[in-house]
Amino acid sequence: MDLSVNADRAGAGTVSAQAATVDVARERAQTVGVRHAHHLNSAGAALPTVAVVDEVVAHLRREENEGGYEAAAAVSGRIEQVYADAARAVGASAEEIALADSATSGLRVIVDALRVDRSTRLLVGRSTYVSHALHLLSLAKHTDAELIVVPNGADGAIDLERLERLLTGGPRDVVCLAHVPTSSGLVEPVRDIGALTRRSGAVYLLDATQSVGHLRVDVDEIGCDALVTTGRKFLRAPRGTGFAYIRGALLDGLAPVAPDVRGAVWTGAREWSLSPTARRFETWESSVAGRLGLGVALRQLLARGVDATAAYLCATATLLRQGLAAIDAVTVQDPPSCASGIVTFTVDGLEAEAVSQRLAARGVRTVAVPASHGQWDLGARGVPAVVRASVHVYNDDADADALLDAVAEIARGAGT
Ligand SMILES: Cc1ncc(COP(=O)(O)O)c(C=O)c1O
């Protein structure tokens, strides 16, 4: 499969011109992991570049030699730069960024700070990630807040008309969903949702874990009040990293439930003051090495260009969907609104986990996503699990062909 030639046929408009700006050979040359397998799991954890790993290792060596606190002090300026680069990646200001160790921990502290009570209405999308859904369900159960799962439209994305009708007006409505879910290649209409929440005054929390580093994400264009993402997926940063964006206007009235010495000063026996920035949501302890690696990954993304990255990933995934759909006994499970680099499918008569394992045995890395990771999506669609293949800028024709050939062989029942 020739990804460069076929980019035009991917149905993504001007893709070929933009896709040409991703230098796949260069990306592969700086990614050691591509030598070992066809890595189609960037939605799980993408392959980092050599520069990201070098940065992390160098800082761990520095800690070994100088001590952790001394090493952190020596790189404090570079850590400040991570805030600025994270802000640039999502169109925010550095004061609106809190570094976190995962998307889940980032969202948890923001949701807790909203002080959900029985007057709150949680309007959630079907794309909501399992850990966020469980947090919100648990809050609703213990506070009697109303939780409404907003239905999807025919395109598989949130039904905007229903959402509009459900918004009663005011900040006790909290809208929460994923830009791109864990369970399909769906892309939610995040800007349209933002237009609705702005009009009604609802608080809009966006889980951009699968979209930052993958698609264009600009908090002002989207109109969200807060956003979380993780490092290890499309950003290609180390595990245990992530960040949250909290819009200044929301931040002003938002205090963490559990202030930490990192984000607050204990000023008297019973008094404390909060950091004026989003850092009020941070904790003291963190992996400085990981954060430096996140900084390198962010700068590499910004240098490559988000639009070129998105165009390449979407065009490649479109070709994979077309190739998979042409294989007997294979069903592409992505909804019509799926302009992303994530592809999901099933093979008749075989569990997704078995397919993923057989692919791994053939050197193709995917994952099986069970309904327990997305009950409001896969569960509601009656799909017990899907195989998920997710691409990145280091994936080339050979990776695409390897997936399609292996799936065809597995679907034919050849070998195990
Ligand atoms: C859509 C989505 N949101 C959130 C998460 C959770 O990210 P983290 O493990 O960094 O908390 C995931 C992880 O797969 C995800 O796919």
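Couple of notes before you dig in:
- Selection within the stretch 283-307 - buried (at least 17 other Cβ atoms within 10 Å of the Cβ), out of contact with any helix residue (DSSP H, G or I) (no Cβ under 7 Å at 6 or more places or on another chain) and under 20 Å from A74 (Cβ atoms): S286, S287
- Residues (touching a Lys or Arg at 6+ places or on another chain (Cβ under 7 Å) and not basic (K, R)) located in the stretch 101-132: S119, T120
- When restricted to residues that are away from the ligand (no atom under 16 Å from the Cβ) and surrounded by fewer than 18 Cβ atoms within 10 Å (Cβ to Cβ), the stretch 222-258 contains 7.
- Where C338 falls short, out of the listed (1) in contact with an Asp or Glu (Cβ under 8 Å, 6 or more places away or on another chain); (2) within 24 Å of D2 (Cα to Cα); (3) not basic (K, R): (1)
- Of the residues making up the stretch 167-213, just one is farther than 24 Å from Q375 by Cβ, part of a loop (DSSP other than H, G, I, E, B) and within 16 Å of the ligand (Cβ to nearest atom), namely G213.
- Pairs where the first residue, in the stretch 111-138, is in a helix (DSSP H, G or I) and the second is within 16 Å of the ligand (Cβ to nearest atom) and of a type in the set (D, E), C-beta under 8 Å, 6+ apart: H132/D207
- Looking only at residues of the stretch 32-52 that are polar (S, T, N, Q) and surrounded by fewer than 23 Cβ atoms within 10 Å (Cβ to Cβ), we find that the one that is nearest to A398 (Cα to Cα) is N41.
- Across the stretch 118-148, the number of residues qualifying as within 16 Å of the ligand (Cβ to nearest atom), surrounded by 15 or more Cβ atoms within 10 Å (Cβ to Cβ) and not basic (K, R) comes to 12.
- Scanning the stretch 1-58 for residues that are among the hydroxyl-bearing types (S, T, Y) and at pLDDT 95 or above yields a count of 3.
Every residue, every condition in (1) among the acidic types (D, E); (2) at pLDDT 95 or above; (3) surrounded by fewer than 20 Cβ atoms within 10 Å (Cβ to Cβ); (4) under 18 Å from the mean Cα position of the chain (by Cα), yes or no:
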| position | (1), (2), (3), (4) |
| --- | --- |
| L60 | no, yes, yes, no |
| E66 | yes, yes, yes, no |
| E70 | yes, yes, yes, no |
| R78 | no, yes, yes, no |
| A92 | no, yes, no, yes |
| E96 | yes, yes, no, no |
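- Test: residue in the stretch 106-117 that is away from the ligand (no atom under 16 Å from the Cβ) and either at pLDDT below 95 or over 30 Å from S275 (Cα atoms) (or both): no
The values are calculated or read from the model by the stated rules, or taken from the named source; none is laboratory data. The structure displayed is predicted, hence computed values, not measured ones. Because the Cβ atoms are built from the backbone with ideal geometry, glycine has one as well, and the counts that use them run over all protein chains shown.
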